[in-house]
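Before any comments, here is the structure.
The values are calculated or read from the model by the stated rules, or taken from the named source; none is laboratory data. What you see is a predicted model, and the numbers here were worked out from it, not measured in a lab. Backbone-built Cβ (ideal geometry, glycine too); neighbour counts: all protein chains shown.
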Amino acid sequence: MGRLVVVSNRVPSSSDRHHPAGGLAVALQDALRRGESLWFGWSGKQVAEEEKHSRTVSQEQVENVTYATIDLTHSEFDGFYQKYSNGILWPLCHYRAGLMDFIRRDREIYLDVNKFYARKLRDLLRPDDIIWVHDYHLFPFAQALRNLGVKNKIGFFLHIPFPPWSLMKSLPSAVSLLKNMQAYDVIGLQTEDDARNMNDGFMQCGFGPRAQAFPIGIDPDSFARQAEAGEHDAEVHRLKASLRGRPLVIGVDRLDYSKGLPERFLGYEAFLKRFPEHKGKVMYLQITPVSRGNVADYKALKRDLDETAGRINGMYGDFDWTPIRYLTQSVPRHLLAGFYRLADAALVTPLRDGMNLVAKEFVAAQKEHNPGSLILSRFAGAAAEMEDALLVNPHDPEEISDALHRALIMPKAERLARGKKLRESVWRVTASSWARDFLEELSKDRPE
Ligand code: GDG
């Protein structure tokens, strides 16, 4: 059997290779362990332009996985990663065409980096390797490999949403982006809606391939174990003591405009206004580690959130009660699991999200006999599988506030019934079943 070759822009750093703590490394854990495998991508390092032609792939083997990484120059990092991937494709795929900052030069750098990665990977490939490419940084990667004569099977998975073609085509060269995707043998998206949107694009452009839905999951057993262990953790105890018996509402999101954080804060404000009986009696902890902090839209979002949290705390707080405990630092994963378990409700209200793993982690972390309630945006991919959450439209603060009130007063029987269904969904589609299903599809024989 050939190796599994994973290609993603970011590759787990050396310190994460022995014990993956989250992200794609956890999702792919089982698939990578099955045999010899290779993980290729960016090292996370930037080098000066003078070093552009002397860069080499560095390799480290950890158990059966070889990690092969390459540096980017400053201008590649800027054009390929910050500008085109995160400044154009990310907002557009999250239905925010207005945030796109299109400059043709960045698109050229994006294509060049894809070609550069392809040349570097080709030298490492064996004829029977199966290649699995991840995410929007690498849409044209298979075509770049095919142009170099690579005949291996190549699959692609998009972790973020794919909008309707009528919106997607506002991307200059959108047709060529889709055209290049014909080089993949299998194309996977998070939901049926995303797959339908992409297939509609293929159809309208007269291209042959078909995208399919492969919703991603977590490793619920291991997350549940971490959450249980968290109950004995000193820091989880400290959080519990600080609640003094009051219910805890939790939110955990990278600081990103797709996550609907300003809207969520306004929803919480509406909750305090419309249901004043909860004032002073509920604790809302929002954990929001800063991400992409040097991109202008993210800086502006952070200023907005800092301001809104400060305003709400000033206006509704009391000398012994803070309405929102708002942290912009990252919290270690085992603590996060313990915090989820302690929470009575979670607010997961993205404006758009490919899947949203926080929703699934929260459910896995709950006490089976006394679960907390999940308030979930209809526009998270997870909503398609988690209909027993309290589904909300995150654009309507009053809808968020009603759901929060309902979550906090929900009779135990209803919480148990919803919790049971939600658990079933989180245990039905897991990280390992996701990878297995995708790779099974990719291994099938196909006509040339
Ligand atoms: C993309 C898609 C799709 C968050 N804060 C902390 C922390 N986290 C962890 C969460 C969760 C992960 O980060 C976030 O995953 P999400 O799925 O919620 O969102 P994205 O990062 O946007 O991921 C998304 C995903 O890819 C997978 O396909 O679901 O739709 O946008 O695991 O727990 N972890 C720690 N400290 C924090 O402060 N340790």
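Quick check on the range 352-362. Is at least one of its residues away from the ligand (no atom under 14 Å from the Cβ), among the β-branched types (Val, Ile, Thr) and in the same structural domain as SER258 (by TED's automatic domain parsing)? No, every residue in the range 352-362 fails to be away from the ligand (no atom under 14 Å from the Cβ), among the β-branched types (Val, Ile, Thr) and in the same structural domain as SER258 (by TED's automatic domain parsing). Among the residues of the range 180-218, those identified as surrounded by fewer than 19 Cβ atoms within 10 Å (Cβ to Cβ), among the acidic types (Asp, Glu) and under 19 Å from the mean Cα position of the chain (by Cα) are GLU192, ASP193. Counting only helices (runs of 4 or more DSSP H) that fall entirely inside the range 212-307 and contain at least 1 residues that are at pLDDT below 95, the qualifying elements are 220-230.
Of the residues making up the range 367-392, those that are in contact with a Lys or Arg (Cβ under 9 Å, 6 or more places away or on another chain) and away from the ligand (no atom under 15 Å from the Cβ) are LYS367, GLU368, ASN370, PRO371, GLY372, SER373, GLU387, ASP388, LEU390, LEU391, VAL392. Considering only residues in the range 342-351 that are more than 10 Å from the ligand (Cβ to nearest atom), of a type in the set (A, V, I, L, M, F, W, C) and closer than 17 Å to VAL249 by Cβ, the one that is farthest from the chain's Cα centre (by Cα) turns out to be LEU342. Go through the range 136-171 and give me each residue that's closer than 25 Å to ASP353 by Cβ, more than 16 Å from the ligand (Cβ to nearest atom) and not charged (D, E, K, R). Within the range 136-171, PRO140, PHE141, PRO164, TRP165, SER166, LEU167, MET168, SER170, LEU171 meet the criteria.
Looking at this structure, is VAL150 modelled with pLDDT of 95 or more, of a type in the set (A, V, I, L, M, F, W, C) and touching a Leu at 6+ places or on another chain (Cβ under 8 Å)? Criteria met by VAL150. Annotation note: of ARG378, ARG352, the sole residue that is surrounded by fewer than 20 Cβ atoms within 10 Å (Cβ to Cβ) and modelled with pLDDT of 95 or more is ARG378. State yes or no: is ALA365 at pLDDT 95 or above and under 18 Å from the mean Cα position of the chain (by Cα)? When the stated conditions are applied, ALA365 does not pass them. The criterion of being touching a residue at least 40 places away in the same chain (Cβ under 8 Å), under 28 Å from PRO220 (Cβ atoms) and in contact with a Gly (Cβ under 7 Å, 6 or more places away or on another chain) holds for GLN286.
Residues that are more than 16 Å from the ligand (Cβ to nearest atom), surrounded by 14 or more Cβ atoms within 10 Å (Cβ to Cβ) and of a type in the set (A, V, I, L, M, F, W, C) within the range 269-311 comprise ALA270, PHE271, LEU272, PHE275, VAL282, MET283, ALA309, listed in sequence order. Among the residues in the range 250-262, are any under 24 Å from the mean Cα position of the chain (by Cα), under 18 Å from ALA343 (Cα atoms) and away from the ligand (no atom under 15 Å from the Cβ)? No: zero hits.
Of the strands (runs of 3 or more DSSP E) lying entirely inside the range 118-193, those containing at least 2 residues that are closer than 22 Å to LYS83 by Cβ span 130-134.
Picking from residues in the range 323-334 that are outside any loop (DSSP other than H, G, I, E, B) and modelled with pLDDT under 95, the one that is nearest to the ligand (Cβ to nearest atom) is ARG333. Scan the range 92-103 and give yes if some residue there is of a type outside the set (Asp, Glu), closer than 30 Å to PRO220 by Cβ, at pLDDT below 95 and away from the ligand (no atom under 15 Å from the Cβ), otherwise no. No: the range 92-103 contains no residue that is of a type outside the set (Asp, Glu), closer than 30 Å to PRO220 by Cβ, at pLDDT below 95 and away from the ligand (no atom under 15 Å from the Cβ).
Annotation note: Cβ proximity below 6 Å between a residue of the range 140-168 that is farther than 23 Å from LEU89 by Cα and a residue that is assigned to a strand (DSSP E or B) (sequence gap 6+ or interchain) occurs for ASN152/ILE131; LYS153/ILE130.
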